[in-house]
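Undergrad: Have a look at this one.
The values are calculated or read from the model by the stated rules, or taken from the named source; none is laboratory data. Being a predicted model, the structure only gives us computed values, none of them experimental. Backbone-built Cβ (ideal geometry, glycine too); neighbour counts: all protein chains shown. These area figures cover heavy atoms from the full protein model, side chains too; ligands, DNA and RNA do not enter into them. Shrake-Rupley method; radii C 1.70, N 1.55, O 1.52, S 1.80 Å.
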Amino acid sequence: MSEALFPRNFHKAYPEAVRGEGCYVFTADGRRYFDGSGGAAVVTIGHGVKEIGEAMAEQAGRLAYAHTSQFRTSVAEELAARLLALAPPEFQKGGRVYFTSGGSEATETAIKLCRQYFLERGEGKRGRVISRWQSYHGSTLGALSVSGNVRRRAPYAPLVADWGHIPPCYCYHCPLNLEYPDCRVACADELEQLLMQTGAPTVTAFIAEPVVGATLGAAVPPEGYLQRIAEICRRNGILFIADEVMTGMGRTGKVFAVEHWGVTPDIILLGKGIASGYAPLGAVLVAGHVAETIARGSGVFSHGFTYNAHPVAAAAGLAVLDYAGRHGLFERVTPAGRELRQALEKLRKIPIVGDVRGLGLLLGIEFVSDAHTREPFPAEMNVAGRISKASLEEGVLTYPIQGCVDGELGDHILLAPPFIITVKEVDALAVALEVAVSRVNQDLQARGGGDHATR
């Protein structure tokens, strides 16, 4: 292994990936892994689709790069139009798309865009973006400021802004110790209370993942939550940003997850699945009233990246969208997700499995030391990491995370396989996970790690 590359973890030995095909990644040592997490919920159409590479190569051979301060390109404009046509109606009335190289850049762009929107309106005191604890919106400093992932924020605390967070909508471990539906989605009203305490006129936007992905493990909000959030934003004159970097482009069974609740945000963030990993690409979808305010004001957005609307990345996005459409992949997500969810339900018989949840092909499995009390494991036991390692030994890639309960405690794995997953692969994935989780459960019992006598 070369020592030239800076790894994510110097203490971890990474297998060398050499090829991808369908739902599988192949390594240099001859092993095959089922991509149960789609990388980081990125891969939608599957690995190794040659026509995507061909479309990228054709675009690169014609025009690989043009700076957006000097040129426009038809490939980026076509992709923007296609995305707006899939978006809620408000985005089809003068909406615009700002392309980035990924989700973190999309969040950064949205933060600045909201600020400029209010500057154009003469409301210069507005600058804060409110978000939720146990959320994740990216790794750049602005995106990290609005993220509520305690573990990822902690090392950079002196560098990130603290604009205000509210408790998450997390029914399995309700931060308000309430139960739905008697709670009447009180966690949404936390936004109203924070705006009253700190002053709505200082806030530009509220940002949220419709279904919280990595940090909470596919936590789905109950009916009424997102509708209440959107109403509070409108009533207080702030913008609502839907972070669909993980949930967008069909991952939950709708093109955009907000469609499940009939909610129309002012800004939608995309990444990951927009190019299915074939190229670094993200996007900010801007509703017409926001774009027009800037267009009729200064007319200039004081922001930009070198690789905005990169022609080759845009070609990848178009080719992925075309491929998904021809093969009906968005339509496959709901039935495939239902099959996978049903297959995973049998994991509940394993004592350390506390919850199986999610929407479409974005699913999470949470592990607890006591299924009755939902008590999490001590963080130092790294149960999520153990599950992921055991799954890898069974030939399955998963996405492990710790801290879902309070930022420190709580273990889960995220599953987000490609949309092309077959019934046979669903069954094989469930069996492999059952073997892996059972093995870790037995190991924990042998070590005295939790009371698993009853469920």
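Undergrad: For a quick size check, give me the Cα extents of the range 339-453 along its three principal axes, largest first, whole Å.
TA: 39, 27, 23
Undergrad: What figure in square angstrom, to the nearest 10, would you give for the accessible area of Lys93 with a 1.4 Å probe?
TA: Solvent-accessible area, nearest 10 Å²: 140 Å².
Undergrad: Hey, another quick one. For the range 1-76, which GluC sites (Glu not before Pro) pass both filters: DSSP loop (anything but H, G, I, E, B) and at most 10 other C-beta atoms within 10 Å?
TA: Hits after loop and neighbour filter: Glu3, Glu16.
Undergrad: Which residues does the label zone of Ser74 cover in the range 303-322, counting backbone N under 18 Å from a point 7 Å along Cα→Cβ?
TA: Residues passing the 18 Å test: 310-319, 322.
Undergrad: Over 17 Å apart: what share of the alpha carbon pairs of the range 135-238 falls there, rounded to a whole percent?
TA: Of the Cα pairs, 55 percent sit more than 17 Å apart.
Undergrad: Hey, got a sec? Which chymotrypsin sites (Phe, Trp or Tyr not before Pro) in the range 50-130 land in a DSSP loop and have at most 13 other Cβ atoms within 10 Å?
TA: Listed in order of number, the matching sites are Tyr65, Phe71.
Undergrad: If you don't mind, another one. What are the residues whose amide H is under 5 Å from the amide H of Gly253, where those residues sit 5 or more places off or on another chain and H is modelled from the backbone?
TA: Sorted by chain and number, the residues that satisfy this are Leu361.
Undergrad: What fraction, in whole percent, of alpha-carbon pairs in the range 281-360 exceed 23 Å separation?
TA: Everything past 23 Å amounts to 57 percent.
Undergrad: Right, next: Using a simple charge model, +1 on the beta-carbon of Lys and Arg, -1 on the beta-carbon of Asp and Glu, nothing else, what dipole does the range 21-137 show about its Cα centre, in debye to the nearest 20?
TA: 660
Undergrad: Computed on alpha carbon atoms, what radius of gyration and Dmax characterise the range 266-315, expressed in Å?
TA: 12.9, 37
Undergrad: Would you list Arg19, Arg128 from the most to the least accessible area, probe 1.4 Å?
TA: Arg19, Arg128
Undergrad: With a 1.4 Å probe and every protein chain kept in, tell me what percent of the accessible surface of the range 131-280 is carbon plus sulfur.
TA: 54
Undergrad: A further question follows. I'd like the accessible area for Glu394: 1.4 Å probe, protein heavy atoms, all chains in place, Å² to the nearest 10.
TA: Only protein atoms counted, so the area is about 70 Å².
Undergrad: Would you rank His327, His173 by solvent-accessible area, highest first, keeping every protein chain in place and using a 1.4 Å probe?
TA: Result of the area sort, largest leading: His327, His173.
Undergrad: Quick one: what do you get for the range 382-449 if you divide its Cα Rg by 2.2 N^0.38 Å?
TA: Normalised by 2.2 N^0.38 Å, the Cα Rg of the range 382-449 equals 1.19.
Undergrad: Work from the charge dipole of the chain (Cβ charges, +1 for Lys and Arg, -1 for Asp and Glu, about the Cα centre) and give the residue of Val286, Pro221, Ala143 farthest towards its positive end.
TA: Sorting the options by dipole projection puts first Val286.
Undergrad: Here's another thing I want to ask about it. With a 1.4 Å probe and all protein chains left in place, how much of the accessible area of the range 38-120 comes from carbon and sulfur atoms, in whole percent?
TA: In the range 38-120, the share of accessible area belonging to carbon and sulfur is 54 percent.
Undergrad: Based on the alpha-carbon set only, what is the convex hull volume of the chain divided per residue, in Å³?
TA: 151
Undergrad: Accessible area, 1.4 Å probe, largest first: how do Ser388, Ser131 sort?
TA: Descending order: Ser388, Ser131.
Undergrad: Can you give the calculated 222 nm mean residue ellipticity of the chain, where each DSSP H run of n ≥ 4 adds -39,500 (n - 2.57) and the sum is split over every residue, rounded to the nearest 500 deg cm²/dmol?
TA: After summing the helix terms and dividing by the residues of the chain, the value is -11000 deg cm²/dmol.
Undergrad: With all protein chains present, how much of the accessible area of the range 346-397 (probe radius 1.4 Å) comes from carbon and sulfur, to the nearest whole percent?
TA: 51
Undergrad: How high is the FRET efficiency between Lys424 and Glu231 when r is their beta carbon distance and R₀ equals 30 Å, given to the nearest 0.05?
TA: My answer for the efficiency is 0.10.
Undergrad: Phe10 accessible area, nearest 10 Å², 1.4 Å probe?
TA: We get 140 Å² for Phe10.
Undergrad: Moving to a separate point now. Going down the table (Lys254/Lys389; Lys346/Lys424; Lys346/Lys389), which pairs top 23 Å between alpha carbons?
TA: Lys254/Lys389
Undergrad: Per residue, how many Å² of accessible area does the chain show with a 1.4 Å probe?
TA: Averaged over the residues of the chain, the accessible area is 43 Å².
Undergrad: Using 0.36 nm per residue of separation minus the Cα-Cα distance, give me the extension gain between Leu63 and Val435 in nm, one decimal.
TA: Fully extending the segment from Leu63 to Val435 adds 129.0 nm.
Undergrad: Something else now. What is the ratio of the Cα radius of gyration of the range 1-113 to 2.2 N^0.38 Å, where N is its residue count, to two decimals?
TA: My calculation over the Cα atoms of the range 1-113 gives 1.41.
Undergrad: While we're looking at this one, here's another question. Based solely on C-alpha atoms, express the radius of gyration and the Dmax of the range 86-141 in angstrom.
TA: That works out to 13.3, 34 Å for Rg and Dmax.
Undergrad: Continuing with this model, one more query. Out of all Cα-Cα pairs in the range 222-374, roughly what percent, to the nearest whole number, are more than 19 Å apart?
TA: Percentage above 19 Å: 66.
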